[in-house]
Amino acid sequence: MGIFRYTASADNTITNAYTSNLLESGRGSGSNMGYADALEVFSLYGQATSSAGQSQELSRVIINFSTTSIAADRTAGKIPASGSVSFYLRMFNARTPFTLPQDFTLVVAPVSRSWAEGTGLDMDEYKDTGKSNWMSSSTTTAWTNVGGDYRTGSNYNVTFAQGYEDMSLDVTELMERWLASEFTNYGFGVRLTASQEAYYSGSTGVDSGSILQNTVGATESYYTKKFFARSTEFFYKRPVIEARWDSRISDDRENFYYSSSLAPALDNLNTLYFYNYVRGRLVNIPQVGTGEILVSFYSSSNSAPSGTVLKLSKGGGTVAALDTNATGGYVSTGIYSCSVALTAASTPFALVHDVWHSGTVQYYTGSIYPELMPTYDSAPTFERVTSCKNLQKKYSGTDTARFRFFVRNKNWSPTVYTVSTTNNPTDIIPSASYAIYRITDNYGAIPYGTGSDLSTYLSYDKEGNYFDLDMSLLERDYMYEIRLAYYNDSIGSWQEQSQTFKFRVEE
């Protein structure tokens, strides 16, 4: 499972905008909107005129996410270490009847001091006051700079061409700095760039009360961009930090090919896994821990290893030429892997045994039936039929479920033997991705994650393709369907499969 989501722990809109009377004394600079169901960013120029010139009205967002739960999940091994996971700030557009600006840029910057969310709701007349607002970070503490205090480093810019787009911003660098305690997490501030926030030049050259000195600002308005807040009733529209990573296990035990002169060295490598389950849970081998493990290979016609250990060919540079051991390594708790290449000439029998050991102690013996690398006399067309082997009709919202799939060529013609045998192998799809859609409105609760993070790729082992899903990612009391897409190298494109698999999530 390569996706975790962390909902915002606090958010607020802060503003120096006028109320409906357009009086300086009526600005909302002391207002709090911490419990409103929307967050708002805007800039209004020239709504009122005074001796100081055209008016400036601004609105900004401050939003925080607890890093405590993220750090705890990392310690527990639920998300990977730094460098192996990406964090995205996701905020979702809230449609309004008001004018939506276009071609604007929002700055996302770390807030540099603590602030109190508050329970204000009024986003029109700004009658709810206290806690964090335009002038103060809390009831008792003023911002050093009106409009909020922000770090100047680790800033991000997000451009909105049409205006209605959602925000999906890679904030990995900043999140890792917070998790490493390089500086304290006070959350993000979201505002228009200085050149798009409204112009104001005070006679003293500094801020004037709640009005920001901004001589590079815009003399046009950007009104109004809204996002859903954490208190929204819409489950999938809450702002979240989304952790994404490639969680695939690519175990070639059922997909093991002999080395071929037609393939590059890297493609001749096969990766095997050893899963050390003890009393139903994965645990590290005490003598190995997170270190190296050795793997030897035997070609045999027996159910147990016999004969002389195989000499391993050099494949991809990871195994020395004519070595008798492959060196495996630690993957995650209780899971070890190694990569190896074998030639058909080195294995007189169809069966190969892999023996995992530390030299004197053997831990596990597996079996492999290597195949020759397939060749084609025409461009292949892959059409497949997929079924879900263990699909249930409903799941609890607290479940983590594993979905396993059986894949066959659409034009498969089985023999009497393959129909009757209990060991009827599935096709392995090395590049397969899943998506989860809510059936009632076709909403992509978990879209295909086939970009740089590969967050929705399916794993595979000798039983076929599979993925794990934390049901807390899905809103309860709805029906969902799993969709699958397989990458077809022959045409260089993803092909969504016609079969879908439906289930319901309940309390």
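Helical runs (DSSP H, four residues minimum) scored at -39500 (n - 2.57) apiece and divided by the length of the chain put the mean residue ellipticity at 222 nm at -1000 deg cm²/dmol. At each listed q (0.10, 0.17, 0.23, 0.25 Å⁻¹), what is the log10 of I(q)/I(0) that the Debye formula gives for segment 1-101 modelled as equal alpha-carbon point scatterers? Scattering profile of segment 1-101, log10 relative to I(0): -0.46, -0.88, -1.26, -1.37.
A simple packing score, the average count of other Cβ atoms within 10 Å per residue, orders the peptides 270-280, 57-67 as 57-67, 270-280, with the highest score first. Sorting the segments 295-301, 90-96 by their residues' average number of neighbouring beta-carbon atoms within 10 angstrom, most packed first, yields 295-301, 90-96. Peptides 375-383, 78-86, 184-192 ranked from most to least packed give 184-192, 78-86, 375-383, packing being the mean of other C-beta atoms within 10 angstrom over each peptide's residues. With all pairs of separate Cα atoms included, segment 384-506 yields a Kirkwood hydrodynamic radius of 15.5 Å. Each residue in ILE428, ILE335 was given a count of other beta-carbon atoms within 10 angstrom of its own, and listing them fewest first yields ILE335, ILE428.
In terms of overall dimensions, the C-alpha atoms belonging to segment 3-244 reach 61, 36, 32 Å along their principal axes, ordered largest to smallest.
When both bridge partners sit in segment 3-244, DSSP labels roughly 100% of those beta bridges antiparallel. When both segment 188-259 and segment 425-490 are represented by their alpha-carbon centers, they are found 27 Å apart. If you average 1/r over every pair of different alpha-carbon atoms in segment 444-507 and take one over that average, what Kirkwood value in Å do you get? It is 13.6 Å.
Remark on segment 131-175: ratio of C-alpha radius of gyration to 2.2 N^0.38 Å is 1.56.
Our compactness index for the chain, the C-alpha radius of gyration over the empirical 2.2 N^0.38 Å, is 1.24. Normalised by 2.2 N^0.38 Å, where N is the number of residues, the alpha-carbon radius of gyration of segment 97-216 equals 1.17.
How large is log10 of I(q)/I(0) for segment 252-368 at q = 0.19, 0.21, 0.22 Å⁻¹ when the intensity is taken from the Debye formula with one equal scatterer per alpha-carbon? With no solvent term, the Cα-only Debye profile gives -1.01, -1.20, -1.29. Pairs exceeding a 22 Å alpha-carbon distance, out of LYS78/LYS389; LYS131/LYS237; LYS389/LYS462; LYS389/LYS502: LYS78/LYS389; LYS131/LYS237. Summing Cβ point charges (Lys, Arg +1; Asp, Glu -1) relative to the Cα centre of the chain gives a dipole of roughly 940 debye. Footprinting exposure proxy ranking of TYR336, TYR88, fewest other C-beta atoms within 10 angstrom first, gives TYR88, TYR336.
Computed from the coordinates by the stated procedures, all read-outs in this text should not be read as laboratory data. This one's a predicted model, so the numbers in the text were calculated from it and none came from an experiment. Note that we place each Cβ from the backbone using ideal geometry, even for glycine, and neighbour counts take in every protein chain shown.
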